[in-house]
């Protein structure tokens, strides 16, 4: 498990050390560097999986669109290389570095690898379900989806959730970890992937049954939905709403993820009702407690509160020191770039700095002041 991420000359971070845990929550201002932390992990994974390649692609892999090396390496770096260093629970420190070297054509989309470790964490080099990344720009409702040509061991839901129907059709009978099994009231408990996906989607979004089909010998897949126990035709995905399409790949990826694996999720709250945002926070806390290392980027206090509640009432079986919360400040802020916030076993937070999920209080105070001045 990764315990610390150290970045040098990487985008806005001249020198950053970030303590991480079983569940790491990155939040804060837009453009403050949260996604850059995700990018560092994705680049380290790419270099780990291609140990004989002397360059790293900055565009086109895992939805990366980072531009040229000069866009990734800090402007203050001079001739120094950018460094990504990952530390694990065994004390091992693995270091990758790269710089802009070579022709202008190569510099446009790649960076030259200067140094790399001899080994790497299994989750970085391993196939799905040891590693999965879901970006913020996931696919919305589609009548049809695609299918990947990846082998069964490499198949995952895709960084935009584009292969979720294929995964459900291929692995619907596979068993998920008992630590992630949830039984709805009055039903017989089942640990199959499809059944548990339906259960968790029913909790997070609304009661639902799912039909996933991969048409033989084609790259075409399809999702259909309906309410449990209701006769009649299945509903097309575009008629089921954005919340279903955005949450579904997160649930499937989290249920399939292996203990000691890595799951990276951007904006799990997208298109979800506040109650669903809280539920998906609690669900991901439970998956983290089951051994999957999760990195979340979120702008939702509901997601954070769902995590806090899951820890406070014991549903997640996740102790507070297994959660890391980092608040990223904008560049023009006088405080530290990144401020860690501790979580207590009661679900309380050690501090609440300005700008950290305080907009509700700010707006309510403004409304109260308006009422006072109006006759």
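The values are calculated or read from the model by the stated rules, or taken from the named source; none is laboratory data. On a predicted model such as this, the values are computed, not experimentally measured, just so you know. Note that each Cβ is placed from the backbone with ideal geometry, even for glycine, and that neighbours are counted across all protein chains shown.
For segment 47-55, the criterion of being assigned to a helix (DSSP H, G or I) and over 20 Å from residue 294 (Cβ atoms) is satisfied by at least one residue.
Of all residues in segment 359-375, those that are touching a helix residue (DSSP H, G or I) at 6+ places or on another chain (Cβ under 9 Å) and surrounded by 10 or more Cβ atoms within 10 Å (Cβ to Cβ) total 1. Among the residues making up segment 1-17, those that are in a strand (DSSP E or B) and either surrounded by fewer than 20 Cβ atoms within 10 Å (Cβ to Cβ) or not assigned by TED's automatic domain parsing to the domain that holds residue 322 (or both) are 3, 4, 6, 14, 15, 16, 17.
Taken over segment 319-345, the criterion of being surrounded by fewer than 19 Cβ atoms within 10 Å (Cβ to Cβ) and closer than 17 Å to residue 301 by Cα is satisfied by 339, 340, 341, 342, 344. Criterion applied to 232, 126, 179, 161 was being in contact (Cβ under 8 Å) with a residue 24 or more places away in the chain and on the phi > 0 side of the Ramachandran plot, and the one residue passing it is 161.
Residues are listed down the side, and each one gets a yes or a no for (1) in contact with a strand residue (DSSP E or B) (Cβ under 6 Å, 6 or more places away or on another chain); (2) over 16 Å from residue 165 (Cα atoms); (3) surrounded by fewer than 21 Cβ atoms within 10 Å (Cβ to Cβ):
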residue: 216; (1), (2), (3): no, no, yes
residue: 227; (1), (2), (3): no, yes, yes
residue: 232; (1), (2), (3): no, yes, yes
residue: 247; (1), (2), (3): no, no, no
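Of everything in segment 68-90 that is in contact with a strand residue (DSSP E or B) (Cβ under 7 Å, 6 or more places away or on another chain) and part of a loop (DSSP other than H, G, I, E, B), the residue that is modelled with the highest pLDDT is 81.
Annotation note: of 69, 29, the sole residue that is in contact with a helix residue (DSSP H, G or I) (Cβ under 6 Å, 6 or more places away or on another chain) and more than 21 Å from residue 93 (Cα to Cα) is 69. With respect to residue 265, is the statement that it is closer than 21 Å to residue 199 by Cα and assigned to a strand (DSSP E or B) true? The answer is yes for residue 265.
Within segment 357-375, residues that are closer than 20 Å to residue 298 by Cα sit with their Cβ atoms under 8 Å from residues that are at pLDDT 85 or above and part of a helix (DSSP H, G or I), at 6+ positions apart or across chains, in these pairs: 357/301; 357/304; 360/301.
Any idea which residue in segment 110-124 is farthest from residue 263 (Cα to Cα), counting only those that are surrounded by fewer than 17 Cβ atoms within 10 Å (Cβ to Cβ) and within 26 Å of the chain's Cα centre (by Cα)? Out of the qualifying residues, it is 119. Taken over segment 318-332, the residue count meeting the criterion of being without any contact (Cβ under 8 Å) to a residue 40 or more places away in the chain and in a loop (DSSP other than H, G, I, E, B) is 2. In the set 86, 43, only one residue is touching a residue at least 60 places away in the same chain (Cβ under 8 Å) and crowded, with 20+ Cβ neighbours inside 10 Å; that residue is 86.
For the structure I just gave you, tell me whether residue 264 is touching a residue at least 24 places away in the same chain (Cβ under 8 Å), crowded, with 21+ Cβ neighbours inside 10 Å and within 22 Å of residue 34 (Cβ to Cβ). Taking the combined requirement at face value, the residue satisfies it.
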